1. Assign one of three labels to segment 193-256, namely rounded, prolate or oblate, based on the Cα gyration tensor with a ≥ b ≥ c the square roots of its eigenvalues; rounded applies when a/c is under 1.5, prolate when it is not and a/b is larger than b/c, and oblate otherwise.
2. Order 116-123, 196-203, 179-186, 91-98 from most to least packed using the mean count of other Cβ atoms within 10 Å.
3. Between Asn234 and Lys195, how many nm apart are label points set 7 Å from Cα along the C-beta direction?
4. With only Lys, Arg, Asp and Glu charged, each at its Cβ (+1 for the first two, -1 for the last two), find how big the charge dipole of the chain is about the Cα centre; round to the nearest 20 debye.
5. Using Cα pairs closer than 8 Å and at least 6 residues apart in sequence, work out the relative contact order for segment 138-220, in percent.
6. Using the Kirkwood radius over Cα pairs, work out the Stokes-Einstein diffusion coefficient for segment 4-183 at 25 °C and 0.890 mPa s, in µm²/s as a whole number.
7. Relative contact order, percent, of the chain when contacts are C-alpha pairs under 8 Å separated by at least 6 residues?
8. Return a whole-number percent for the relative contact order of segment 113-185, with Cα pairs under 8 Å and 6 or more residues apart as the contact set.
Amino acid sequence: MSVVLYAVANRTATLTINRPEQRNALSDDVFDGLLRGLRKAKKDDSVRVVVLAGAGDKAFCAGGDLKQMNEDADNYMAHYSKAKLASLFRALWTLGKPTIAKVQGYCLAGGMGVALACDFVVASEKAVFGIPEVKVGLWPYMITVPILHALPPKVALRLMLTGRRVSAEEGHRLGFVSDLVAHDDLDNTIDLLVKELCSTAPQSVHMGRTAFYTVLNHDMESRLRMLEAALSVNATFPDAKEGMTAFSEKRKPYWE
């Protein structure tokens with residue numbers, strides 16, 4: 001079964017991360033599937049809006065696949081896979097079509113970065129956000145760019161330093177959740193937003209949205225290259241190995 005499902009209906013392409021048992025964690029296969037889906041949606045003139053979602057009711061995406069990261073920590077070539085997250089951000093920002101993150105549950109770490117890289121975050125009242133990398137000996141390097149697009153710097157830094165989880169209500173108050181809705185109203189709210197977006201001029205949307213992200217992401221490439229390198233180095237630290245191992249073994253990490 002595909003780890004990313006792709007479907008088109010009502011001028012909307014929906015890409016669904018299909019790993020509910022792993023809370024839709026980001027693996028190499030997931031990155032590849034999302035990138036393929038975005039390329040497909042970009043070329044399809046019938047698609048006006050793209051929605052990113054997570055399978056099941058528990059999570060949009062709980063972040064990177066720590067088991068895979070821990071296994072790859074000593075493999076130098078495997079660090080290149082971390083660049084796929086940067087490629088995903090680029091693909092979202094250069095898509096030329098509005099994007100919506102449909103968040104029904106946990107939206108953590110890299111998953112939060114992916115959601116905030118979308119134009120809109122429509123969240124259920126049951127959604128939970130967080131940047132908990134520091135709790136497993138890592139740092140949210142790659143998602144720093146979309147997070148700083150969506151949050152004041154010192155607010156973002158506090159969430160990064162503490163790993164504290166944030167309710168959907170607080171996320172709406174902080175401004176990174178664009179629409180906060182009752183859980184049962186999630187689909188209907190997205191349908192209404194899609195209709196509103198589809199009522200606008202597609203060529204103007206394409207050019208204007210591209211201009212928006214060009215300005216917003218000025219000098220983004222140098223930032224992403226630095227952050228990719230930092231994450232690769234951090235993944236080799238004893239703290240990171242202990243943190244990811246402790247997470248897999250469901251115990252508290254021991255920091256030397």
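1. Numbers: a/c = 6.51, a/b = 2.20, b/c = 2.96.
Cα axes put segment 193-256 in the oblate bin.
2. Numbers: 116-123: 24.2, 196-203: 12.2, 179-186: 15.8, 91-98: 19.9.
In decreasing order of mean packing, 116-123, 196-203, 179-186, 91-98 become 116-123, 91-98, 179-186, 196-203.
3. Computed distance between label sites Asn234 and Lys195 equals 4.3 nm.
4. Working: 31 positive and 29 negative charges, 63 e Å.
Dipole about the Cα centre, nearest 20: 300 debye.
5. On the way: 20 pairs, mean separation 19.8, N = 83.
Rounded, it is 24 percent for segment 138-220.
6. Working: Rh = 16.2 Å.
Estimated diffusion coefficient is 152 µm²/s.
7. On the way: 469 pairs, mean separation 49.0, N = 256.
Contact order relative to length: 19 percent.
8. Values: 101 pairs, mean separation 36.2, N = 73.
It comes to 50 percent, rounded to a whole number.
Any read-out appearing in this document is the output of simple, stated calculations on the displayed coordinates, not a laboratory observation. If you're wondering where the values come from, they're calculated on a predicted model, not measured in any experiment. Cβ coordinates were reconstructed from backbone atoms using ideal geometry, including for glycine residues, and neighbour counts include every protein chain displayed.
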